[in-house]
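Have a look at the structure below before the remarks.
The values are calculated or read from the model by the stated rules, or taken from the named source; none is laboratory data. Note that this is a predicted model, so its numbers are computed, not measured. Reconstructed Cβ throughout: ideal geometry from the backbone, glycine too, with neighbour counts over all protein chains shown.
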Amino acid sequence: MKDMTQPRAVPKAINWNRLQDDKDLEIWNRLTVNFWLPEKVPLSNDIQSWSQLTPDEQTLTIRVFTGLTLLDTIQNAVGAPTLMQDAITPHEESVLSNIAFMEAVHARSYSSVFSTLCQTTEVDEAFRWSADNEHLQAKSRLILDEYDATASPLRKKVASVFLESFLFYSGFYLPMHWSSRARLTNTADLIRLIIRDEAIHGYYIGYKFQRGLERVSEAERKEIKDFAFALLFDLYDIEARYTEQLYDGLGLTEDVKNFLHYNANKALQNLGFEALFPDESCRVNPAIMAALSPGSDENHDFFSGSGSSYVIGKAEATEDEDWDF
Amino acid sequence: MAGLVFFSSRSGNTARLVERLGLEALRLPQAGPPPELDAPFVLVSPTFADGEGRGAVPKPVIRLLNNTRNRALLRGVIAGGNRNFGATFALAGEVIARKCSVPVLYRFELAGTETDITRIRAGLARFWAAQESQTCLTQA
């Protein structure tokens, strides 16, 4: 006798030559070209530099990295997979599977730093610290509440962009700080690879959020925007306390907070919203900005300069292939 | 003041910056033939580089500038990007500047900050005034 229930639904085979959204392929290409593994970074060159940090500085660094590991773990195991359920296009699901995997690579990377530089007992202690840290646990819970399968697809994306583009930065600050003082420079290279990936993740999820927002009513759009700002306020409160706890000892708290404001505004921009924090509160220490994007400020632009003149040369003939696709 | 031309992908960052400038501006189409321009212009372009810096300049911008007449009218470039991409931050500006021998006027992140908006507005006004007096001098 034939089974009377509906046959199991089978997904359609994905055809990358029929795109509904060009952004999916664009981001797929960027993410796959950027693929990396921690083995690529010569972390052992930081062993001497590590030994020159004080015990307190070492403990702080390990703790910060376990905190970052927790966020990557959440995004790998829960965040990206839960976004896959809401994907509008099959290509979006593929991009999210890449994002999920890279989060696992990031989480793995911190353990590579640990096994290269630290004692097992110190690392175990730091993982215990992060599991007990009220601020880390509180921010994780706020995000995970939105990731529940029942939550709205738009709210999940808001939470995800805040994790990718805001919550990491209280942690990323420290290796950038060390790097600006010529400490742990190889570790900083590894962190910069992570920062680059997270920037694309935040941009892409924010982009998909904006596409989703176009499909709902004006009233819902307002509701989601109110939700986003309220969540950011709640997360910021936690981040401010976490920052004080970590960085008061080094006297860096105010500087880290400016970095948080700057990144919170960028997270909002990824969602298509306006900035929250005024520019005056986003003035990040130039040494940190230089550590974030080394070499990017060597060429001064015209409007920021002191009115220095430039020479207009003869323009070259250009063809498509000249432009490095 | 002469023209402002920009490209923005559907993320809308560059479009939001240009909107806040409050200046008249022409948006390049995502697909299809580029417009034929007839006055000097400044270009605002986002950056889409991969980790190696490839593909920094968006294709609609390339199509615009492959037209010799358009390219001859380009006076400067303002580039968007994200400092999280390190050395490739706002790379489109540098690539276009090198190709077309025009200056990079300004670089901004994502949709820009209030400070960026103020600086770009003031900078463009000064820039076009300087261009105009230069033209007058050559003609005198």
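Per-structure values
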| read-out | value |
| --- | --- |
| For residue B:69: the one exception among (1) within 13 Å of the chain's Cα centre (by Cα); (2) in a helix (DSSP H, G or I); (3) more than 9 Å from every other protein chain (Cβ to nearest Cβ) | (1) |
| Any hit, segment A:32-42, residues being outside any loop (DSSP other than H, G, I, E, B), over 24 Å from the mean Cα position of the chain (by Cα) and away from chain B (no Cβ under 14 Å) | no |
| Odd one out for residue A:275, checked against (1) buried (at least 18 other Cβ atoms within 10 Å of the Cβ); (2) out of contact with any Phe, Trp or Tyr (no Cβ under 7 Å at 6 or more places or on another chain); (3) touching a residue at least 24 places away in the same chain (Cβ under 8 Å) | (3) |
| Count - residues of segment A:248-261 that are crowded, with 21+ Cβ neighbours inside 10 Å and touching a residue at least 40 places away in the same chain (Cβ under 8 Å) | 3 |
| Residue in segment A:254-273 that is nearest to the other protein chains (Cβ to nearest Cβ), counting only those that are among the polar types (S, T, N, Q) and within 15 Å of the chain's Cα centre (by Cα) | A:269 |
| Hey, residue B:42 within 11 Å of chain A (Cβ to nearest Cβ), surrounded by 17 or more Cβ atoms within 10 Å (Cβ to Cβ) and part of a strand (DSSP E or B) or not | yes |
| Segment B:57-66 - residue that is within 7 Å of chain A (Cβ to nearest Cβ) and surrounded by 20 or more Cβ atoms within 10 Å (Cβ to Cβ) and, of those, farthest from residue A:200 (Cα to Cα) | B:65 |
| Count - residues of segment B:86-121 that are within 7 Å of chain A (Cβ to nearest Cβ), charged (D, E, K, R) and farther than 22 Å from residue A:206 by Cα | 3 |
| Residue match in segment A:166-176 (condition: out of contact with any Leu (no Cβ under 8 Å at 6 or more places or on another chain) and buried (at least 23 other Cβ atoms within 10 Å of the Cβ)) | no |
| All helices (runs of 4 or more DSSP H) inside segment A:58-159 with 3 or more residues being within 26 Å of residue A:228 (Cβ to Cβ) | A:80-84, A:90-117, A:134-147 |
| Residue within segment A:222-238 that is within 14 Å of another protein chain (Cβ to nearest Cβ), more than 16 Å from residue A:173 (Cα to Cα), assigned to a helix (DSSP H, G or I) and among the aromatic types (Phe, Trp, Tyr) present | no |
| Subset of segment B:20-39 (residues that are surrounded by 14 or more Cβ atoms within 10 Å (Cβ to Cβ) and either of a type in the set (Gly, Ala, Ser) or within 13 Å of chain A (Cβ to nearest Cβ) (or both)) | B:20, B:21, B:25, B:34 |
| Check on residue B:4, modelled with pLDDT of 95 or more, touching a strand residue (DSSP E or B) at 6+ places or on another chain (Cβ under 8 Å) and over 15 Å from residue B:79 (Cα atoms) | no |
| Which listed residue is surrounded by fewer than 21 Cβ atoms within 10 Å (Cβ to Cβ) and in contact with a helix residue (DSSP H, G or I) (Cβ under 7 Å, 6 or more places away or on another chain), from A:192, A:215, A:181, A:221 | A:221 |
| Residues within segment B:48-62 that are of a type in the set (Lys, Arg) and at pLDDT 95 or above, tallied | 0 |
